[in-house]
Amino acid sequence: MIMHIKNNLDKIRTSISKDVTLVAVSKTKPISDILEAYDAGQRVFGENKIQEMVAKYEVLPKDIQWHMIGHLQRNKVKYMAHFVDLIHGVDSFKTLKEIDKQAKKHERVIYCLLQARIAKEETKFGFTLTEISTILNSEELKILTNIKIIGLMGMATFTDNLDIVANEFSLLKTFFDEQKVQHSKLKILSMGMSGDYQIAIKNGSTMIRVGSSIFGARNYIT
Ligand SMILES: *Cc1c(COP(=O)(O)O)cnc(C)c1O
């Protein structure tokens, strides 16, 4: 058997700094692929559908850290509240409240990233930067004792124009650094996917979410 996944992982790992966390995005991929990455030492995996992540969590080794990177359906947060390690895609205050409520039931603190809308596309989810700073400074946030916002996440515009991509990442990095001065809990800047993680790292990303460059192309769009 040719170990494509291990080779791909090795290639990415050797090309990035040790300070950057690699999230292996395994959405739509089978358990066998995840195990191949696991056997190559990968422990952090990302999924974008709660049910799919739960199903995989249940059968896979328990030292895997599961990251939810997709748009969240509030009514499904409860299914992952007992094990999810980091939620990247928080894009409404209502969702934060729901995560807090479900985390309380399990006596946990769930780490979250606020998703910033940096892309030009209308379709991308997320808060404006102004909304993020309002939330970080709000009294309402202080009441949510079972969530902790430890960073920001952003997705660049889907374009071949790498200047646009770099600009969007750089904008978020500048904002992140400004916010960090007042909010020392902010540690993680999740930016970069298969097509743009090098640009993202150059612009200050500390966590990249890479799927197809590890596992190969997905069969369908999610
Ligand atoms: C699918 C997905 C990724 C990974 O995309 P690739 O291009 O396959 O690396 C990263 N982030 C999010 C939010 C995703 O949904």
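The values are calculated or read from the model by the stated rules, or taken from the named source; none is laboratory data. Source: prediction; values computed, not measured. Every residue, glycine as well, gets a Cβ built from its backbone with ideal geometry; the counts of neighbours run over all protein chains shown. Accessible surface is based on the protein model in full, side chains and every heavy atom, while ligands, DNA and RNA are left aside. Shrake-Rupley method; radii C 1.70, N 1.55, O 1.52, S 1.80 Å.
Descriptive notes on the structure:
- Local electrostatic count, LYS6, Cβ distance below 15 Å [Lys/Arg +1, Asp/Glu -1]: 0
- By accessible area, using a 1.4 Å probe on protein heavy atoms only, segment 82-222 has 53% of its surface on carbon and sulfur.
- Full-stretch length increase - ASP19, GLU58 - with 0.36 nm per residue and alpha-carbon distance subtracted: 11.1 nm
- Classification of segment 2-214 by its C-alpha gyration tensor yields an oblate form. The axis ratio a/c (a ≥ b ≥ c) is 1.5 or more, and b/c is at least a/b.
- Cβ-Cβ FRET estimate between ASN137 and LYS101, R0 fixed at 22 Å, reported to 0.05: 0.50
- Per residue, segment 75-213 exposes 49 Å² of solvent-accessible protein surface, assessed with a 1.4 angstrom probe and all protein chains in place.
- Rounded to the nearest whole Hz, the Karplus-based 3J(HN,Hα) values (6.51 cos²θ - 1.76 cosθ + 1.60, θ = phi - 60°) of segment 162-178 follow the sequence 6, 5, 4, 4, 4, 4, 5, 5, 5, 4, 5, 4, 4, 4, 4, 4, 5, with x at glycine and proline.
- Segment 162-222 shape via C-alpha gyration tensor axes, a/c threshold 1.5: prolate
- Exposure here means at most 15 other Cβ atoms within 10 Å; with trypsin sites (Lys or Arg not before Pro) in a DSSP loop as sites, the longest stretch of the chain lacking them is 121-184.
- Neighbour net charge for HIS88 - beta-carbon separation under 11 angstrom, K R +1, D E -1: -2
- Distant-in-sequence amide contacts of MET207, defined by a placed amide H-H separation under 5 Å and a gap of 5 or more residues or a different chain, comprise THR21, LEU189, MET191.
- Evaluating 6.51 cos²θ - 1.76 cosθ + 1.60 at θ = phi - 60° for every residue in segment 66-78, the Karplus couplings come out as 9, 10, 8, 10, x, 5, 9, 8, 4, 5, 9, 4, 4 Hz, glycine and proline recorded as x.
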